[in-house]
Amino acid sequence: MTRPIEHIATVVRAGDGVVEVELTAQSACASCHARMACGMGESTRKRIEIATPEAPSFTAGVSVERNMGMTAVLWAYVVPFVVLLGALVAASLAGWGDGAAALSAVGGIALYYGALYLLRERLEKKIHFKIHKQ
């Protein structure tokens, strides 16, 4: 089993079965190939909520399995790229003009992200952040 990607985190709030933590990007995040999966590539700080019945006993430390990070990258970036390219090529092969082909590609991406939004609860169950007791 691969080692999980870990971040040092500060607990912002704990209680009601939820721990809210704030992650700070490490210098190693810039070279990490999965940095966009955990969101650290977008900013230096990120807040996430982790559901746990033991919320008051947690203080710091957050991790996500590497394969879960790669799954997030797949659904957020790779599949949309394939949808965009597929729609563009299909529309071009169908003889549509450049503008119509571009609009169909953008429409395909909008439909994909709409479907992803509707399935977000199912995806949340597959990608888990873990917190550690200190």
*Selected residue (criterion: modelled with the lowest pLDDT) from residues of region 56-77 that are closer than 27 Å to ASP16 by Cα and open to solvent by 30 Å² or more (accessible area, probe 1.4 Å)*: THR59
_Hits in region 103-120 - residues which are within 13 Å of the chain's Cα centre (by Cα) and free of Cβ contacts under 8 Å to residues at least 12 places away in the same chain_ = TYR117, ARG120
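Tell me, please, whether a residue that is more than 29 Å from the chain's Cα centre (by Cα) and surrounded by fewer than 16 Cβ atoms within 10 Å (Cβ to Cβ) can be found in region 86-93.
So in region 86-93, the residues more than 29 Å from the chain's Cα centre (by Cα) come out as 91-93.
Filter once more, keeping what is surrounded by fewer than 16 Cβ atoms within 10 Å (Cβ to Cβ): 93.
Looking for residues that are more than 29 Å from the chain's Cα centre (by Cα) and surrounded by fewer than 16 Cβ atoms within 10 Å (Cβ to Cβ), one finds at least one in region 86-93, hence yes.
The values are calculated or read from the model by the stated rules, or taken from the named source; none is laboratory data. Keep in mind the model is a prediction, meaning the values are calculated, not measured. Virtual Cβ from ideal backbone geometry, glycine too; neighbours counted across all protein chains shown. Keep in mind that these areas ignore ligands, DNA and RNA; they rest on the heavy atoms of the full protein, side chains included. Shrake-Rupley method; radii C 1.70, N 1.55, O 1.52, S 1.80 Å.
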